[in-house]
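Student: One structure, as structure tokens, below. Some questions next.
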Amino acid sequence: MSRREVVVIGSGPAGIAASWPLVQAGHAVRMLEAGTGFPAGEPWALADRRAGGRPGIEALLGPGLRGLAASADVSPKLRLAADPDGVDSYTRGLGLDADGAIIVGLNVTGGLSTVWGAISPTFSDADVAGWPIDAAALAPSYRDVAARIGLSGSMDDDLAAFHGDGVPVQPALPPSPNAAALLSRYRSSDDFRLGRPRLAVLSTPLGSRAACDLGGRCMWGCARRSIYSAADEIPDLLATGLFALETASEVRRIDRLADGGLVLAFTPESGREPLRAAQVVLAAGAPASARLALASLGQTEARPLALTPAFTFALLRPAALGEGLPRLGFGLAQLAFRVPAGSGGYAYGLLYDAGALAAPDLVRRTMLTAAGGLRLLGALLPSLMIGLVYLPSSVSSASLRLTGDPERPRLAVSAATSAAALALARDARRRIAPALRRLGGWMLPGSFRMLAPGSEVHYAGPLAMGDLVSAKGEVHGIPGLTAVDGAVLPSLPAKHHTFTVMANADRIGRSLATRLRSATS
Amino acid sequence: MTEAGARHAIVTGANGYIGAAVVDRLIASGWHVTVLGRATTRHISVASIAWRLGEAMPDRLFPADALIHLAHDWSEAAEGNIGGSLRLIDAARRASVGRIVFASTISARADANNRYGRTKAAIEALLDRPGETSARIGLVYGGPPLGLWGTIRSLTKLPVLPMVQPHQQVQPIGLDEVAEAVARLAAGACADRRVVVLGASTPMSFGCFLSLAAAVEGRRLAILPLPAAPIVASLDLAGRAVPRLAGMAERVRGLVGLPFLPSDDDLGALGLRLVDPVRGLARASRRRILGEAWLLFLSLGVRRPPLAALAAYARAVERLGDGAPIGLPRLAQAWPPLIRIYEPLSEAAGDGRRDTLKRRLATAAHIADAAGLLPVYDYTARPAAVRLMRAVGVLALEVAILPFRLVLGRHG
């Protein structure tokens, strides 16, 4: 069997998902990661820590307290669990000029999946409307990826089919008291559908990864590796003998050679000689992959950027006012819901237990004083939930464009909350509030807040399949360059897209593996 | 009374801003110190002998290994300082003191603009034998607010500082760095050099230095540049009537004529690497930031903030914030719960460069949270009515203080 080496740029979910079919087909994969590994830390239990127990300040806010450095506007998990150096270096690498948008990435093995919320629904035919592929084309990949990363959730609630039923799913994690109470009063309706979220979190062990022990430290990173991270798959890939990972290797440019090959130039900090490659897979995350591909194409026109506008609200369960915080519990999304929004579309929401979050994060964005806000939380935290609602990218308004000189291309991103997004968000809130009221939850007045565009970290579109890129991820005009990450998804529904990014990367990886085999045989 | 083997240093001007630091440093490195001066020092192990510049040498002063001459009599005419120094130097030479270190200034020149510079240059000229070194000291900062540093600290409390030549280059050096350098000189370093320069090897504008010094006080300084010549002339004129103003004209003139002296070689020979003044000045504000941390933690309901949390706050402010104390009003310092009436509604600062009090409180809250100190997470069931009353009470207070916050909110 003759082998062809494929260079994969990026060790996040897309790069890892694309590597598996290549390696399984006998091709060698050389993965380049701009960052290095970042340890998840010690396993500790949230309730113990709040009683003043170990592990102490630096363990929670990062060495040198760098966790405090990140912008207050990004998700608390990115602030608390991510390697801030990785966040900074991603932005620096992009040469990012963001106008009205928050664009984040993470130069670390595993990429953003080291800090994600693990929400993993599949996309339906309606969700991929306008794409050059249908949902059936993703089905085998969804199955394989799900089997590898491990999903948990409910297969018999009102959202089971909506979250996808053709994939293996472990039993759902036990719901928190607040979530269980809301669910117990829920009666099926078309206007408001409620269920358990579909999560890439283990309720039973898988391989070397342990099942969730409800320690509650999810926001600070999961030391048990119950929450999937692409970094967890690297040892398995290395074990195939066909896979190599090279960290601290940040690609600055990809150029075409006269003989048809590609050459990768690295940043000076990486201190690497340029690397020749016949096949390069772009999986650096949508903004970084877009920057590299657009620079290779010399394309300086503005490209669409699909974001999923999002808003938050606070929900109070008066019936739980006298409860204590649960000592054990899962710290990410407890419940998922779907409401109709726009013509035939939907908004997708999640409910978190506020007690699983760091209280200062909840206070600092309000107008309350720090002291008053914390005191208020002291009284309300056990009965408080935080809602996070997403809208489809069709109402987002964002674009990105390559700027700067060709040697040092920069990425300019501009975005704004469109009037359509705001209207759709208000419409969704009008539907959600009474539905939750019937279940015993009161949306707190004044708690509705639109998130800054991009802070939800759902990026897609600049290298859309069917436009700059073929349905098989081939970048038109640059033979040997294949894009596989979020950048190639033409649009996003209100649902979370990481699982679909992985499935699509797997699908493109399979077709690349087949192409390479037929080319060499 | 001298321990066997301990070296003996005689120090003049030991109660001054630099002198006190030098004595501390000498004692820390095992010197036996005799203070020659006006009053006793705070070190009980230090012998002190009453003396004034110009007076005859007291008995039983020598033998000594080093004389460190820091005293300068501002009330005296140039002649008094020069004559007094000469007496002192002669006495030391007669007693075979092997090392004489004299505190001079970067402005020392025979034709210096001000008398201070000319006086120091004249004394430097006396020190021409082996083992005699004049240390030309730059702009000293840090430590207690005394000397020129004290003057600078009080100037930076002004809302607007009218200033002659803010672009004048100065060579800052930290007080502890000067003390270290003088101690090394006393121990024999650079004994072959008649003059060493103690100041930053890269100069910085005086205006910039003052802005940084203002940040130590948690203030932002507006500098109003003034032309030098008319100011000096008018100060001179006024100085004839008001003696205090004469001293000011003297200082201004000293600043105007300040040369830049390369210091790399001397610092290298002394084995010293100076801290960047930007960093050094930030460090000077650490005590105030720790005090601020204490007050903010108390205001958040943390009963006894542990040192680790205070230190973490100071680190966070220095590394990730703007590095300067926020400058809490006296009322809030006296009663920390009042801090909330100065808390702005949002974290965003006016110019985005200075931290707002709200951001500082968020930092303190995150650190208290990470240290497990926040009395927020209640794992025990309690009567719903109690919790409800508490929530209503908090909200009522929040509404009541809202007008104060709108008016008083500290935007850095």
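The values are calculated or read from the model by the stated rules, or taken from the named source; none is laboratory data. Please read all numbers here as calculations on a predicted model, not as lab measurements. For neighbour counting, all protein chains shown are included, and Cβ atoms are generated from backbone atoms with ideal geometry for every residue, glycine included. Remember, those area values only see protein heavy atoms, side chains included, never the ligands or the DNA or RNA. Shrake-Rupley method; radii C 1.70, N 1.55, O 1.52, S 1.80 Å.
Student: Taking a ≥ b ≥ c as the square roots of the eigenvalues of the Cα gyration tensor of the range B:285-408, is the shape rounded (a/c under 1.5), prolate (a/b larger than b/c) or oblate?
Tutor: Cα axes put the range B:285-408 in the oblate bin.
Student: Local charge sum around A:Ala421 (other residues, Cβ-Cβ under 13 Å, Lys/Arg +1, Asp/Glu -1)?
Tutor: Summing Lys and Arg as +1 and Asp and Glu as -1 gives 0.
Student: Quote the convex hull volume per residue of the range A:351-507, based on C-alpha atoms, as a whole number of Å³.
Tutor: In the range A:351-507, the Cα convex hull volume per residue is 171 Å³.
Student: Once every DSSP H run of n ≥ 4 in chain B is given -39500 (n - 2.57) and the sum is divided by its residues, what mean residue ellipticity at 222 nm do you get, rounded to the nearest 500 deg cm²/dmol?
Tutor: It lands at -14000 deg cm²/dmol.
Student: So what is the accessible area of the range B:305-412 per residue, in Å², with the probe set to 1.4 Å?
Tutor: About 45 Å² of surface per residue is accessible.
Student: Run the 1.4 Å probe and let me know the accessible area of B:His8, rounded to the nearest 10 Å².
Tutor: Around 20 Å² of this residue is reachable by solvent.
Student: Also: Net charge near A:Arg303: determine it from the other residues with C-beta under 10 Å of the C-beta of A:Arg303, scoring Lys and Arg +1 and Asp and Glu -1.
Tutor: Once all neighbours under 10 Å are counted, the net charge is -1.
Student: Just to make sure I understand: if all protein chains stay in place, what is the order of B:Thr156, A:Thr498 by accessible area at 1.4 Å, largest first?
Tutor: Descending order: A:Thr498, B:Thr156.
Student: Rounded, prolate or oblate: which fits the range B:8-282 when a ≥ b ≥ c are the square roots of the eigenvalues of the alpha-carbon gyration tensor, with rounded for a/c under 1.5 and prolate only if a/b beats b/c?
Tutor: Prolate, because a/c is 1.5 or more and a/b exceeds b/c.
Student: Now for a different question. Could you work out the helix-only [θ] at 222 nm for chain A, with each DSSP H run of four or more residues adding -39,500 (n - 2.57) and the total divided by the number of residues, to the nearest 500 deg cm²/dmol?
Tutor: That calculation yields -8000 deg cm²/dmol at 222 nm.
Student: Sticking with this structure for a sec: For A:Lys77, go through the lysines and keep the ones whose alpha-carbon is under 30 Å away, minus same-chain ones fewer than eight residues off.
Tutor: Candidates past the 8-residue exclusion: A:Lys495, B:Lys358.
Student: Express in Å², to the nearest 10, the accessible area of A:Glu33 obtained by rolling a 1.4 Å probe over the protein heavy atoms while all chains stay in place.
Tutor: The accessible area comes out at roughly 10 Å².
Student: Here is a further query. Keeping all protein chains in position, work out how much accessible area A:Thr403 exposes to a 1.4 Å probe, and write it in Å² to the nearest 10.
Tutor: Here the accessible area works out near 30 Å².
Student: Given a cut-off of under 8 Å on Cα pairs at least six residues apart, what relative contact order in percent is computed for chain B?
Tutor: Here the relative contact order equals 12 percent.
Student: Just going by the charge dipole of chain B, with Lys and Arg at +1 and Asp and Glu at -1 on Cβ, which of B:Leu331, B:Leu148, B:Val23 is farthest out on the positive end?
Tutor: Value computed over the given set: B:Leu331.
Student: Would you work out which of A:Val169, A:Phe243, A:Ile227 lies farthest towards the positive end of the dipole of the range A:131-255, given +1 charges on the beta-carbon of Lys and Arg and -1 on that of Asp and Glu, about the Cα centre?
Tutor: Toward the positive end, the furthest listed residue is A:Ile227.
Student: How far apart, in nm, are the 7 Å Cα→Cβ label points at B:Val242 and A:Ala139?
Tutor: Placing both labels 7 Å beyond Cα along the Cβ direction yields 9.3 nm.
Student: Continuing with this model, one more query. As a test of the definition: with a 1.4 Å probe, what buried accessible area, both sides summed, do you compute for B against A, in Å² to the nearest 100?
Tutor: Chain pair B/A: roughly 3800 Å² of buried accessible area.
Student: Shifting gears a bit: Quote the Stokes-Einstein diffusion coefficient, in whole µm² s⁻¹, for the protein assembly as shown, based on the Kirkwood radius over alpha carbon pairs, a temperature of 25 °C and a viscosity of 0.890 mPa s.
Tutor: In µm²/s, the coefficient is 77.
Student: Rank A:Met155, A:Met385, A:Met367 by accessible area, highest first, at a 1.4 Å probe radius?
Tutor: From most exposed to least exposed: A:Met367, A:Met155, A:Met385.
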